[in-house]
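Data first, discussion second: the structure below is written as structure tokens.
The values are calculated or read from the model by the stated rules, or taken from the named source; none is laboratory data. Being a predicted model, the structure only gives us computed values, none of them experimental. Counting neighbours? That spans all protein chains shown, and the Cβs are built from the backbone with ideal geometry, glycine included. Side chains included, ligands, DNA and RNA excluded: accessible areas come from the protein's heavy atoms. Shrake-Rupley method; radii C 1.70, N 1.55, O 1.52, S 1.80 Å.
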Amino acid sequence: MTDATSAARWRAGIMAAVLIAGGGGYWLGQRGDSQAPAEGTTEGRKALYYYDPMFPNQKFDKPGKSPFMDMQLEPKYADEASGSGSGPGVTVDPAARQSLGIRVVAAEMGSLAATFDVNGTIDFNQRDVAIVQARSGGFVERVYRLAPGDVIGAGTPIADLQLPEWGSAQTEYLSVKKLGKPELTAAARQRLRLMGMPEGVIAEVDRSGRTGGRLTVRAPIGGVVQTLNARAGVTLASGQTLAEISGLGTVWLNAALPEAQAGLVKIGQPATANLTAFPGEAFTGRVVAILPTAAADSRTLTVRIELANRGGRLRPGMFAVVALGGDAKPTLLVPSEAVIRTGTRSIVMLEKGDGRYHPAEVVAGREGGGKTEILRGLAPGEKVVASGQFLLDSEASLTGLTVRPLEPAQ
């Protein structure tokens, strides 16, 4: 016999005991005999419908014999079907409560852990990218010893270019300058700027009086060479890309945030990352973006965290565990095992006093440390069943008890 079969038979036996002790005693006490009830009313009590206790979901308009079992149908009276939560509920004898292991806990105010961990990977900061282009048509004279993937500093030479258009423009500028007319000289100088000529090059032409169309292109920022399209002898068009450089001063940490926790993360809040490459060391940053789409396969959102990268130790592709969250706020808590999740709603079993229990619908929130947050449906101090609640819930379903509904949201 399998463990699952044994467990099923054990639960069936316990349920039978609860039905006999609670439901049967209640029915016999109310009826006073085992005779079939009269149609419509019994001793002034109105029967809403009739049912077989073994098949409580099937209702009948008239009393009689059950089509399922060799027994009489039982009546369901109006005063038994009250949904206010103040009805009789499920009654369990004190001795049976002990044998069934029913444990009751009061709902109380508390706070859940403010932080939670998610996984993420390091990526380049896509806002820190430099594109190196030819500012005028020409050709490549020399390419310095670089390759994609090299880490370079700001100002590192990339290639020497020969730009004939610059040489002719500089000659024209020097000719205009000799005329001694400031207005024309200023216009010619502005033309050099519009061609993309750096101020240092223009100043050198002014000082030396010599033209030169040769330019050494340097890296505007430090970082990683992503692409390098410059090759010696290659003819260039104006605006052609020579290299692309990604900065390493800051990096992005893209963390996978479960959809259910999306409301707990806000842009600008702090985050702490721990990497296996640097055990015992924490890297702090802040959330700069929450991407607007969710991954359909994993039901996660991408949270983008910006981290300072001192010394360039954080390398794209590294794995990290990220602690996210905010300040802990007081909330109503019950033990997680007290919440019965049916798939469409969540229910707890309330202790109403004198051994009576009644189901109530609740809206459950976050979980942590064995506690579940209750957003609606309970008040502080109300007592819920934390052990044996599934037996009581089954008995409540058999006896047709109406679950206490949620109050309208404030």
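Relative contact order of the stretch 240-342: 33 percent, from C-alpha pairs under 8 Å at least 6 residues apart in sequence.
For T216, the solvent-accessible surface computed with a 1.4 Å probe is close to 40 Å², ligands and nucleic acids excluded. A Förster radius of 35 Å, combined with the Cβ-Cβ distance separating A154 from S175, puts the computed FRET efficiency at roughly 0.45. Here is the list for the stretch 317-400: trypsin sites (Lys or Arg not before Pro) lying in DSSP coil, each with at most 15 other C-beta atoms within 10 angstrom of its C-beta, are R345. Need one word for the stretch 227-292: rounded, prolate or oblate. Basis is the Cα gyration tensor (sqrt eigenvalues a ≥ b ≥ c); a/c below 1.5 gives rounded, then a/b vs b/c decides. Because a/c hits 1.5 or more and a/b exceeds b/c, the stretch 227-292 counts as prolate. Dividing the Cα radius of gyration of the stretch 293-403 by 2.2 N^0.38 Å, with N the residue count, gives 1.59. Shown is the FRET efficiency for A256 and A203, computed with R0 = 45 Å from the Cβ-Cβ distance and rounded to the nearest 0.05: 0.30.
Once the Cα-Cα distance is subtracted from the 0.36 nm per residue extended length, the R218 to Y144 segment shows a gain of 25.6 nm. A simple spin-label model places pseudo-atoms 7 Å from Cα toward Cβ; at R315 and A130 they are separated by 2.2 nm.
When Rg and Dmax are taken over the Cα atoms of the stretch 337-396, they come to 11.1, 32 Å. Counting only heavy atoms of the protein chains and using a 1.4 Å probe, W166 has close to 0 Å² of accessible surface.
Annotation: F139 carries an accessible surface of approximately 80 Å², with a 1.4 Å probe and no ligand, DNA or RNA atoms counted. Taken over the C-alpha atoms, the stretch 263-347 has Rg and Dmax values of 17.3, 54 angstrom. Partners of K46 within straight-line reach, counting aspartates and glutamates whose Cα lies under 17 Å from its Cα and excluding those fewer than 8 residues away in the same chain: D61, E74, D79, E80. Exceedance of the 30 Å cut-off in Cα-Cα distance is limited, within the set K76/K383; K76/K352; K266/K383; K65/K352; K76/K371; K62/K352, to K266/K383; K65/K352; K76/K371; K62/K352. Full extension of the chain between T276 and N119 gives 55.3 nm of extra length, using 0.36 nm per residue less the Cα-Cα distance. Amide H contacts of T250: N309, each under 5 Å away and 5 or more positions distant or on a separate chain (H built 1.01 Å from N in the peptide plane; Pro and chain starts excluded). Counting 0.36 nm for each residue step from R356 to A295 and taking away their Cα separation leaves a gain of 17.3 nm.
Would you mind getting me the FRET efficiency between A308 and E367? Use the beta-carbon distance for r and R0 = 30 Å, nearest 0.05. In this case the efficiency is close to 0.35. A simple rule links phi to the HN-Hα coupling: the Karplus curve 6.51 cos²θ - 1.76 cosθ + 1.60 with θ = phi - 60°, which for the stretch 299-314 gives 6, 10, 9, 9, 9, 9, 10, 9, 10, 6, 10, 5, x, x, 6, 7 Hz, with x for Gly and Pro.
How much accessible area per residue does the stretch 97-213 have, in Å², with a 1.4 Å probe? Display every interim value, and only then the final one.
On the way: 6630 Å² over 117 residues.
Spelled out: the 1.4 Å probe surface of the stretch 97-213, per residue, equals 57 Å².
Proximity of backbone amide H atoms, modeled 1.01 Å from N, is registered between E141 and D160, L161, Q162, G233 at under 5 Å, excluding neighbours fewer than 5 places apart on the same chain.
Note down the Stokes-Einstein diffusion coefficient of the stretch 161-249 in µm²/s, whole number, using a Kirkwood radius over alpha carbon pairs, 25 °C, and 0.890 mPa s. Estimated diffusion coefficient is 165 µm²/s.
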